[in-house]
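The values are calculated or read from the model by the stated rules, or taken from the named source; none is laboratory data. All values derive from a computational prediction rather than experimental measurement. Glycine gets a Cβ as well: all are built from the backbone with ideal geometry, and neighbour counts include every protein chain shown. Side chains are part of the model used for accessible areas, which takes the heavy atoms of the whole protein and leaves out ligands, DNA and RNA. Shrake-Rupley method; radii C 1.70, N 1.55, O 1.52, S 1.80 Å.
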Amino acid sequence: MRPLFVFLREPPHIPFVKLHTLGFIISILLTLASIGLLATRGLNFGIDFRGGIVMEVKVATPAADLEGMRTTLNGLGLGEVSLQSFGAPNDVLIRLPRQPGDDAAQQKGVETVRTALGSSFEYRRTEVVGPKVGGELIQAGEIATVLAILAIAAYVWFRFEWQFGLGAIVSTFHDVITTLGLFSLLQLEFNLTTLAAILTIAGYSINDTVVIYDRVRETLRKFKTMPLDGVVDLSLNETLSRTVLTSSVTAVAVLALLLFGGEVIRGFSAAMLWGIIIGTYSSLFIAAPLLLHVRPRRGNEKAAPAAGAKPTKA
């Protein structure tokens, strides 16, 4: 445990600047792979986006026999049926693809399910989502994501300078697109809760980035003649303990949701866990090192420390 306490008390000396080219290469490959997956495999949209039927039922027995229910419903010719438990062990969420035809065809599909399951089930909720509504939700989700990224960039731009805003928008786009790529690769269901996770990831990532940018700006003003690569390295190392602790604690909580939260929030938890990991990575290896290439302006409050002197710690 002693190395951990030393790490928390004293900033390490990790050469982030020397590693940033490798980080850029990895990020470019991840981004291109994600775009390729989205173009070829696409996303596994849930009923929220593609339309379909959702039924919430309660089983009379203490626990639902999901395998038996799945066998029964898959034999009805209604398409691929998805079942998942949520809440109590006898609560089941049934998802059916949209049936060919009009509203009457959807209602017939619901009645077919009810007849097959029998009267021992309590039908608590039935919803039908049309393809038009699903298309509108996809469009609204795309607009919301783009506006969120632009708003984040504008906030960082006004708080710092345009160079910082550029780094923020690049790193946030990287986090969002690689998360979408992960869902395309694993074909995890992409629904409204996943979209909420995407927007949350953008906010989480920028929070860590702003903390690092604050330290970079402070160091730029404090040590006027220190080389920019030294400023970036010093700032990243001084904020590293905060970054690691925050990310680790949040990741543990999200991991618990992923393992024990059930199917209903599995997509949200998976997206958040990946977002925490990739958001921390992008703050360290994209957002901050990108400043080396756009060269923000420097303050002139104080000269750099003499050779061999240690900079003041925050």
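Tabulated data
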quantity	calculated
Cα Rg over Rh - segment 31-170, Kirkwood	1.16
The chain - Debye-derived log10 I(q)/I(0), Cα point model, q = 0.07, 0.11, 0.12, 0.13 Å⁻¹	-0.39, -0.78, -0.87, -0.96
Whole-number percent relative contact order across segment 1-118, with pairs defined as alpha carbons under 8 Å at least 6 apart	22
Rough spin-label spacing in nm, given labels placed 7 Å along Cα→Cβ, for residue 108 and residue 80	2.4
Efficiency of FRET between residue 120 and residue 29 - r from beta-carbon atoms, R0 41 angstrom, step 0.05	0.15
The chain: relative contact order as a whole-number percent, Cα under 8 Å and 6+ apart	25
Of 195, 259, 228, the one that fluctuates the most in a GNM where the chain has Cα springs shorter than 10 Å	259
Cα centre as origin, Lys/Arg/Asp/Glu Cβ charges: segment 51-172 dipole, Debye	60
Residue among 240, 63, 199 farthest towards the positive dipole end of the chain, charges placed on Cβ	240
Farthest positive-ward along the chain dipole, Cα basis, beta-carbon charges - from 15, 139, 258	15
On Cα atoms only, tilt of 103-117 relative to the major axis of the chain in degrees	80
Label point 7 Å beyond Cα of residue 154 along Cβ direction - residues of segment 173-188 with amide nitrogen under 18 Å	173
Size of electric dipole in the chain: Cβ of Lys, Arg +1 and of Asp, Glu -1, about Cα centre, debye, nearest 20	1360
Cubic angstrom per residue, convex hull over Cα atoms of segment 196-267	81
24 Å Cα cut-off, lysine pairs counted over the chain (separation 8 or more, or different chains)	14
Heavy atoms of residue 19: accessible area, 1.4 Å probe, square angstrom to 10	70
